[in-house]
Structures are given as structure tokens and as C-alpha cells.
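Some notes on the structure that comes next.
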Amino acid sequence: MNIVSILTLVVSSTLIFSAPLILTAIGGTFSERSGIVNVGLEGIMVIGAFSAVVFNLSFADKFGDATPWIALIVGGIAGIFFSLIHAVATITLRADHIISGTVLNLLAPSLAVFLVKVIYQKGQTDNIKQAFGYSDIPLLDRIPFLGQIFFSKTSIVAYIVIFISFVAWIIIFKTKFGLRLRSVGENPQAADTLGINVYLMRYSGVLISGLMGGLGGALFAQSISINFSISTIAGQGFMAMAAMIFGKWNPIGAMLSALFFGFAQSLSAVGSQISFIKNVPVVYLQVAPYVITIIVLVAFLGKYNGPKANGTNYIKSK
């Protein structure tokens with residue numbers, strides 16, 4: 001295998017593994033910019049993955065090639081409704097953010113597997129027939145050298161997700177909505193005195209995180225796992241959270257960090273095809289992303305300062 005083939009394989013695999021992390025990390029950024037810590041990203045991804053796979057299996061014959069795209073939206077909507085639990089608990093009932101998020105992470109896999117057993121009478125679903133695959137990007141794949149590496153046999157969805165990260169940056173840092181969202185996450189009391197509805201902005205941030213996390217889970221299930229079981233997500237939400245922190249609560253930074261984590265995950269999938277790492281035990285490559293996640297959280301969580309009011313409940317003064 002020549003160098004171009006190796007780079008093509010690694011880049012395409014990295015993009016596929018990174019895309020769900022990018023979506024979820026962006027969602028976490030919106031939530032924490034509003035002042036709500038969302039540890040429940042893992043659980044939201046689980047619900048998104050479950051909903052997308054069930055929809056895919058149920059309607060693949062009806063919608064054909066469009067099924068994964070519609071199922072992606074279904075997963076996002078399911079993520080919104082599931083994140084509403086976290087929003088009500090932390091914003092309206094003023095529960096501890098970490099405890100509420102942890103409850104989501106404990107509830108989601110149990111609920112999803114229970115429903116799988118009820119629907120399919122077994123512990124996991126069948127493999128979906130309609131999934132996001134590899135494809136060439138017209139015109140761009142003809143660019144000499146770079147076209148074959150970046151735009152041939154790759155994931156079009158991943159490039160759409162990268163584009164979304166730039167849109168998210170514009171929304172957070174260049175729009176009135178983003179300014180209000182950030183002001184609520186920095187100083188909700190001051191924002192309230194300026195007439196900003198703190199509760200509404202925080203609900204918006206959490207529900208957007210639910211949407212993006214649901215999309216991330218749905219994308220992962222339909223591009224990587226191809227079915228749903230209790231181990232489908234297996235730490236992806238925590239990786240996304242680490243990418244968000246490593247990216248300094250910035251959508252573009254989170255996207256770049258997620259690409260790094262996606263690269264680490266991709267090595268376990270394509271490592272056997274790369275000559276200089278094929279002799280490395282597969283278990284080491286499989287565990288590497290999780291070790292990196294722990295290192296990033298330990299090394300940078302205390303050094304990178306998020307929004308000042310992040311994790312703080314707000315009580316409107318009378």
C-alpha cells in the first residue's frame with residue numbers, strides 16, 4: 001500500500017469517526033455557554049442512536065436511500081425530548097447539573113435496551129440496510145493528489161458536519177442570540193437586568209445540545225455501528241465532552257479536537273492495514289482513545305476556564 005492509499009484510508013476513517021463527536025461537542029458547547037453543564041451527552045447520544053436505528057429498520061423499504069437522512073432527524077428530535085429532562089431538572093428545579101447528567105447517562109442505556117427487547121425480543125437490533133457509506137465528492141475528487149486523499153471514498157456527511165461547526169461559531173460569536181447565550185453563561189444576574197430571559201436562553205442551550213447530541217448518536221449508529229446495542233455508544237459522549245473542553249468551548253476548537261479523537265479511534269479500525277502499526281496489539285489501539293480522553297480531562301479541565309456561571313443555578317430575584 002503506497003503513501004497516498006494509506007493517507008486516503010486514514011483521512012476517510014478519521015472523518016467518519018470524528019463526525020458524531022463534532023456534532024455532540026458542538027451541542028455541549030451551546031449548553032455550557034448558557035451556563036448548564038451537560039454531562040448527559042452520552043445518554044443523549046444513546047437515545048439518538050436507538051431512535052435512528054429503530055426508524056431505519058422500520059422504514060428502510062419505504063424511504064430507500066433517504067432513510068439514513070430522515071433517521072438522522074428523528075435521532076435529533078429524540079435527543080431534544082430527552083435533554084428536556086436535564087433542562088427541567090437543572091433550570092426549573094435547580095438540581096445539581098452533574099447529578100442530573102449522570103442520571104441521563106444511567107437511564108438512557110437501560111431504557112433503550114429494554115425497548116429493544118420489547119420490540120425485537122433480543123438484546124440488540126438487526127443491522128440496518130440503509131447506512132451512510134463512502135462516496136466521492138464530485139469535481140473535488142479530481143484535484144491532483146489532494147483530491148484522492150480528502151475527497152475520494154470519503155464521508156460527505158463529515159464535511160457537512162465540519163461546515164456546521166463554522167455555522168455554530170458564527171451563531172455563538174457573531175449573532176444577537178449568541179451574545180445573549182454567552183452573557184447568560186457568564187453573568188446571568190447582569191443579563192437579567194438587561195431584559196434577557198435567562199431561563200429561556202438556558203433552555204435553548206440545553207435543547208440545542210440535545211438536538212446535536214441526538215444527531216451525533218444517530219450518525220454514529222448509521223455510519224459506524226450499523227445496529228444498536230448497549231455498547232453502541234460506549235464512551236463517545238465523554239469523548240465529545242473532552243473535545244469540547246480541549247476546544248475551549250469554541251465550536252471550531254471542538255471540531256479540531258474531535259478530529260484528533262476521531263483519528264485516535266480510526267487507528268483501531270484501519271491499523272491492521274498500515275504496515276508500520278499493524279503489529280501493535282489491537283487492544284492497545286482500541287483503548288488509546290479512552291486513555292487520551294482521560295488524560296485530556298485531567299490535564300486541561302482545571303486549566304481551561306469555561307463560562308464563569310457554568311454549573312451555577314440561577315434564581316430570579318424579585
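The values are calculated or read from the model by the stated rules, or taken from the named source; none is laboratory data. Fair warning: this is a prediction, and the values are worked out from it, not measured in the lab. Counting neighbours? That spans all protein chains shown, and the Cβs are built from the backbone with ideal geometry, glycine included.
Of all the helices (runs of 4 or more DSSP H) wholly in segment 1-92, which have at least 1 residues that are out of contact with any helix residue (DSSP H, G or I) (no Cβ under 6 Å at 6 or more places or on another chain) and among the hydroxyl-bearing types (Ser, Thr, Tyr)?
Of the helices (runs of 4 or more DSSP H) lying wholly inside segment 1-92, those with at least 1 residues that are out of contact with any helix residue (DSSP H, G or I) (no Cβ under 6 Å at 6 or more places or on another chain) and among the hydroxyl-bearing types (Ser, Thr, Tyr) span 3-33, 41-63.
So Ser135 passes all but one of these: (1) within 30 Å of Lys248 (Cβ to Cβ); (2) in contact with a strand residue (DSSP E or B) (Cβ under 9 Å, 6 or more places away or on another chain); (3) hydroxyl-bearing (Ser, Thr, Tyr). Which condition number does it fail?
Every listed condition holds for Ser135 apart from (1).
Are any of the residues in segment 116-125 loosely packed, with under 15 Cβ neighbours inside 10 Å and either closer than 25 Å to Met255 by Cα or under 23 Å from the mean Cα position of the chain (by Cα) (or both)?
Within segment 116-125, none of the residues are loosely packed, with under 15 Cβ neighbours inside 10 Å and either closer than 25 Å to Met255 by Cα or under 23 Å from the mean Cα position of the chain (by Cα) (or both).
Please work out which one of (1) part of a helix (DSSP H, G or I); (2) over 22 Å from the mean Cα position of the chain (by Cα); (3) hydrophobic (A, V, I, L, M, F, W, C) is the condition Ile172 fails and give its number.
(2)
From the set of residues in segment 141-164 that are in a helix (DSSP H, G or I) and small (Gly, Ala, Ser), which is nearest to Gly48 (Cα to Cα)?
Only one residue tops the list, namely Ala158.
Per-residue answers, yes or no, for (1) in contact (Cβ under 8 Å) with a residue 60 or more places away in the chain; (2) part of a helix (DSSP H, G or I):
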{"residue": "Leu219", "(1), (2)": "yes, yes"}
{"residue": "Gln222", "(1), (2)": "yes, yes"}
{"residue": "Phe228", "(1), (2)": "yes, no"}
{"residue": "Ala243", "(1), (2)": "yes, yes"}
{"residue": "Trp249", "(1), (2)": "yes, no"}
{"residue": "Ile252", "(1), (2)": "yes, yes"}
{"residue": "Phe263", "(1), (2)": "yes, yes"}
{"residue": "Ile277", "(1), (2)": "no, no"}
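Six or more apart or on different chains, Cβ atoms under 9 Å: show the pairs whose first residue is in segment 90-101 and in contact (Cβ under 8 Å) with a residue 60 or more places away in the chain and surrounded by 12 or more Cβ atoms within 10 Å (Cβ to Cβ) and whose second is part of a loop (DSSP other than H, G, I, E, B) and among the acidic types (Asp, Glu).
Thr90/Asp96
Can you find a residue that is farther than 24 Å from Gly237 by Cβ and charged (D, E, K, R) anywhere in segment 197-204?
Within segment 197-204 (the criterion being farther than 24 Å from Gly237 by Cβ and charged (D, E, K, R)), the answer is no, since none of the residues qualifies.
Being surrounded by 15 or more Cβ atoms within 10 Å (Cβ to Cβ) and of a type in the set (Phe, Trp, Tyr) is the filter; apply it to segment 245-299 and report the residue that is nearest to the chain's Cα centre (by Cα).
Once the filter is applied, the top-ranked residue is Phe261.
Search segment 135-164 for residues that are under 24 Å from Ser257 (Cα atoms) and pair each with any residue that is at pLDDT below 90 and among the charged types (D, E, K, R) when their beta-carbon atoms are under 6 Å apart and the residues are at least 6 apart or on different chains.
Short answer, once both residue conditions are applied: Gly147/Asp141; Phe151/Asp141; Ser152/Asp136; Ser152/Asp141.
Touching an Asp or Glu at 6+ places or on another chain (Cβ under 9 Å) and aromatic (Phe, Trp, Tyr): does that describe Phe150?
It is true that Phe150 is touching an Asp or Glu at 6+ places or on another chain (Cβ under 9 Å) and aromatic (Phe, Trp, Tyr).
If the requirement is being more than 16 Å from Leu72 (Cβ to Cβ), not β-branched (Val, Ile, Thr) and not in a helix (DSSP H, G or I), which of these qualifies: Gly185, Gly195, Gly205?
Gly195
Could you look through segment 100-140, keep only residues that are assigned to a loop (DSSP other than H, G, I, E, B) and among the small types (Gly, Ala, Ser), and pick out the one that is nearest to Thr232 (Cα to Cα)?
In this case the residue turns out to be Gly123.
Please state which of the following conditions Val54 fails to meet, knowing it meets all the rest: (1) modelled with pLDDT of 95 or more; (2) among the β-branched types (Val, Ile, Thr); (3) surrounded by 24 or more Cβ atoms within 10 Å (Cβ to Cβ).
Of (1) modelled with pLDDT of 95 or more; (2) among the β-branched types (Val, Ile, Thr); (3) surrounded by 24 or more Cβ atoms within 10 Å (Cβ to Cβ), only one is false for Val54: (3).
Is at least one residue of segment 138-148 within 21 Å of the chain's Cα centre (by Cα), modelled with pLDDT under 95 and either within 19 Å of Ser58 (Cα to Cα) or surrounded by 17 or more Cβ atoms within 10 Å (Cβ to Cβ) (or both)?
Looking for residues that are within 21 Å of the chain's Cα centre (by Cα), modelled with pLDDT under 95 and either within 19 Å of Ser58 (Cα to Cα) or surrounded by 17 or more Cβ atoms within 10 Å (Cβ to Cβ) (or both), one finds none in segment 138-148, hence no.
Pick out the one residue from Ser13, Ser5 that is at pLDDT below 90, of a type in the set (Ser, Thr, Tyr) and farther than 19 Å from Gly253 by Cα.
On inspection, the qualifying residue turns out to be Ser5.
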